[in-house]
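The values are calculated or read from the model by the stated rules, or taken from the named source; none is laboratory data. If you're wondering where the values come from, they're calculated on a predicted model, not measured in any experiment. Note that each Cβ is placed from the backbone with ideal geometry, even for glycine, and that neighbours are counted across all protein chains shown. Side chains are part of the model used for accessible areas, which takes the heavy atoms of the whole protein and leaves out ligands, DNA and RNA. Shrake-Rupley method; radii C 1.70, N 1.55, O 1.52, S 1.80 Å.
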Amino acid sequence: MILEVICGPMFSGKTEELIRRITRAKYAKQLVLSFKPNMDNRYSSDEIASHSGARENCFPVVDATDITDIIIQNKKSFPDLIAIEEIQFFDQDEFRNLISFLQTQNTKAIVAGLDMDFAGLPFENVTFAMGVANRVDKLSAVCVKCASDATMSYKKTESSQRMEIGKTDIYEARCYRCWS
């Protein structure tokens, strides 16, 4: 298995990059299976969707074990590429089991997710994936305060909930200086 990780803060283009790589694989006539947690329904319930409007059909799943089940069900036409969006939302043990399963397969997997939460703490699934990946692309956004490279996701609300799905109503990208 080849594993690629796309990570960074909110609004850094992670989803755009994932969709670009899916499109590239499809152009090469590769079979692609795409997934995202069903809890992320900001723009679509059955598509990976970027903030800018790019979309790609996918399987919305409850947990990482659903991904394994769907891949096994498609065993007759095993995918050349498995794309997974928002990996930070999956249970850690289930996500590690999924990666272990994928490592036994002759396929490529591209996963995307936030590297850190709004408090600046790393998301465990992304950290794990980065550790076992063949390639890691850490993207940055533009700080809404000073226009520097933004590596942090700033939460504009008082909520301390770590897993809160939102858009510009809740989050903005900031450089470390403007975030702290």
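Test residue 50 against the criterion of being touching an Asp or Glu at 6+ places or on another chain (Cβ under 6 Å), under 29 Å from residue 172 (Cβ atoms), hydroxyl-bearing (Ser, Thr, Tyr) and open to solvent by less than 40 Å² (accessible area, probe 1.4 Å), and give yes or no.
Details: touching an Asp or Glu at 6+ places or on another chain (Cβ under 6 Å): yes; under 29 Å from residue 172 (Cβ atoms): yes; hydroxyl-bearing (Ser, Thr, Tyr): yes; open to solvent by less than 40 Å² (accessible area, probe 1.4 Å): yes.
Here the answer is yes, as residue 50 does meet what is asked.
If I ask for residues that are part of a helix (DSSP H, G or I) and under 24 Å from residue 69 (Cβ atoms), which ones from segment 112-151 would you list? Show your work before the answer.
Keep residues of segment 112-151 that are part of a helix (DSSP H, G or I), which gives 124-132.
Passing the criteria: 124, 125, 126, 128, 129, 132.
The criterion of being surrounded by 15 or more Cβ atoms within 10 Å (Cβ to Cβ), within 20 Å of residue 92 (Cβ to Cβ), small (Gly, Ala, Ser) and modelled with pLDDT of 95 or more holds for residue 129. Count of segment 100-120 residues, restricted to those that are in contact (Cβ under 8 Å) with a residue 40 or more places away in the chain and over 14 Å from the mean Cα position of the chain (by Cα), is 10.
Could you tell me whether any residue of segment 152-166 is charged (D, E, K, R), touching a helix residue (DSSP H, G or I) at 6+ places or on another chain (Cβ under 8 Å) and on the phi < 0 side of the Ramachandran plot? Talk me through it step by step, then tell me what you get.
Within segment 152-166, the subset charged (D, E, K, R) is 155-156, 158, 162, 164.
Retained after the next criterion (residues that are touching a helix residue (DSSP H, G or I) at 6+ places or on another chain (Cβ under 8 Å)): none.
Scanning segment 152-166 turns up no residue that is charged (D, E, K, R), touching a helix residue (DSSP H, G or I) at 6+ places or on another chain (Cβ under 8 Å) and on the phi < 0 side of the Ramachandran plot.
Filtering segment 14-26 down to residues that are touching a residue at least 40 places away in the same chain (Cβ under 8 Å) and within 16 Å of residue 36 (Cα to Cα), which residue is most open to solvent (accessible area, probe 1.4 Å)? First the steps, then the outcome.
Pass one, segment 14-26, residues touching a residue at least 40 places away in the same chain (Cβ under 8 Å): 14-15, 17-18, 21-22, 25.
Still in the list and also within 16 Å of residue 36 (Cα to Cα): 14-15, 17-18, 21-22.
Numbers: 14: 20, 15: 21, 17: 37, 18: 0, 21: 19, 22: 0 Å².
If we take residues in segment 14-26 being touching a residue at least 40 places away in the same chain (Cβ under 8 Å) and within 16 Å of residue 36 (Cα to Cα), then 17 is most open to solvent (accessible area, probe 1.4 Å).
Among the residues of segment 74-100, those that are over 23 Å from residue 39 (Cα atoms) and in a helix (DSSP H, G or I) comprise 75, 76, 77, 100. Name the single residue, out of those in segment 71-106 being over 18 Å from residue 18 (Cβ atoms) and of a type in the set (Phe, Trp, Tyr), that is surrounded by the fewest Cβ atoms within 10 Å (Cβ to Cβ). Here the answer is 78.
Given the structure, is residue 61 among the aliphatic types (A, V, I, L, M), over 24 Å from residue 141 (Cα atoms) and at pLDDT 95 or above? For residue 61, the condition - among the aliphatic types (A, V, I, L, M), over 24 Å from residue 141 (Cα atoms) and at pLDDT 95 or above - is met. I need the full set of residues from segment 27-42 which are hydroxyl-bearing (Ser, Thr, Tyr) and either surrounded by 15 or more Cβ atoms within 10 Å (Cβ to Cβ) or touching a helix residue (DSSP H, G or I) at 6+ places or on another chain (Cβ under 7 Å) (or both), in order please. Residue satisfying the conditions is 34 alone. Residues in segment 160-180 that are part of a loop (DSSP other than H, G, I, E, B) and open to solvent by less than 40 Å² (accessible area, probe 1.4 Å) were compared, and the one that is farthest from residue 39 (Cα to Cα) is 175. Scoring residue 109 on the criteria (1) among the small types (Gly, Ala, Ser); (2) assigned to a helix (DSSP H, G or I); (3) buried (at least 16 other Cβ atoms within 10 Å of the Cβ) leaves a single failure, condition (2).
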